[in-house]
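Readers should treat all values here as calculations from the given coordinates under stated rules, not as data from a laboratory. Since we're looking at a predicted model, the values are computed, not measured. All Cβ positions, even for glycine, are placed from backbone atoms using ideal geometry, and neighbour counts span all protein chains on display.
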Amino acid sequence: MSTDISCRNVTVAYDRHPAVHHLSGCFSAGSLTAVVGPNGAGKSTLLKAMAGMLPLAGGSIERGVLKQRDIAYLPQQASLDRAFPISVLELVLLGQWQHVGPFGGIGRRGIAAAREALGAVGLEDFEQRPLATLSGGQLQRALFARVLVQDARLILLDEPFNALDARTVSDLVALLHRWHGEARTVVAVLHDFDLVQNRFPEALYLARAPIAWGRTADVLTPQNQLRARQMAESWSDQAAICATDTAA
């Protein structure tokens, strides 16, 4: 059975104003794809829709045999409450919630898996540290450890490398390539074109509407960058949703 993620004329809107429209294409099973585009291009919105967190205004996202528990979503750090009173280990253990349910117990095996994940991201001695004491890079490593214990087949990462030092970025990119090598499907919203060109084999260029989707070398061209910039400059936040979307 297929584990491809197929987008068919996908449109997502906020208060009836389109944030993503007429997106069609496929994230092949086991692919590693960067989603790029100008600010406000709908990149984060697309990830939330793929994660099942936002309704579609039109079209469909088909996940094949994947269930909700097969999806791991890592939001931007700015959306997290770092003052929440839990430890690093407790944060990582939350990654097992979709497997054990609200009333299930984690058990020794689950705790061991969380500790192993912390070791994999270089946080072996951080188990009992409160989240509020972590640097930005340490917190992001902990969040990647949480994704690790989810053991998901589809991994969605929203700007996972923002404001991180080069060593942390290198370590976490290596983890992405580990997931890619395990035939998991990884989709990451990114702004660093050099990183995308060097480490991501596929890319989706989005400017609310799709600009290009395919091999990174074919997507990140000067012509596509110019087209994206022109589309960004012509955006109107008051634009009405397309008639074809409301009929979909």
Under the Karplus relation 6.51 cos²θ - 1.76 cosθ + 1.60, θ = phi - 60°, what is the ordered set of whole-Hz ³J(HN,Hα) values for segment 138-145, x standing for Gly and Pro?
-> 5, 4, 5, 4, 5, 5, 5, 5
Near ALA29, within a Cβ-to-Cβ distance under 13 Å, what is the net charge of the other residues, with Lys and Arg +1 and Asp and Glu -1?
-> -2
Treating each Cα of segment 52-159 as an identical point scatterer and ignoring solvent, apply the Debye formula and state log10 I(q)/I(0) at q = 0.17, 0.22 Å⁻¹.
-> -0.83, -1.26
Nearest 10 degrees, 0 to 90: what angle lies between the long axis of helix 107-120 and the longest principal axis of the chain (Cα atoms)?
-> 70 degrees
Which residues' amide hydrogens lie under 5 Å from the amide hydrogen of LEU206, considering only partners 5 or more residues apart or on another chain, with H built in the peptide plane?
-> VAL36, GLY37, ILE211
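Given a Förster distance of 22 Å, report the FRET efficiency between GLN68 and ARG8 from their Cβ-Cβ distance, rounded to the nearest 0.05.
On the way: r = 20 Å, r/R0 = 0.89.
Efficiency computed from Cβ-Cβ geometry: 0.65.
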Run a plain Debye calculation on the chain (Cα atoms as equal point scatterers, no solvent) and give log10 I(q)/I(0) at q = 0.07, 0.09, 0.16 Å⁻¹, rounded to two decimals, same order as the q list.
-> -0.24, -0.41, -1.20
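Quick one: which of 172-181, 12-21 comes out on top by average Cβ neighbours within 10 Å, and what's the full order, highest first? The partial results should precede the final answer.
Values: 172-181: 16.1, 12-21: 18.2.
Output ranking for 172-181, 12-21: 12-21, 172-181.
What does the net charge come to around VAL219 if you take all other residues with beta carbon closer than 12 Å to its beta carbon, with K and R at +1 and D and E at -1?
Details: positive: ARG215, ARG227; negative: GLU202, ASP218.
Combined, the nearby Lys, Arg, Asp and Glu give 0.
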Rounded to the nearest 10 degrees, the helix 222-233 long axis (Cα) sits at an angle to the longest Cα principal axis of the chain of 80 degrees
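What Kirkwood radius, in Å to one decimal, follows from the Cα pairs of segment 105-248?
Numbers: mean 1/r = 0.0560 Å⁻¹.
Averaging 1/r across every pair of different Cα atoms and inverting gives 17.8 Å.
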Given 133-139, 148-154, the highest-first ranking by average Cβ count within 10 Å works out to 148-154, 133-139
Could you give the angle, 0 to 90 degrees to the nearest 10, between helix 166-181's Cα long axis and the longest principal axis of the Cα atoms of the chain?
-> 80 degrees
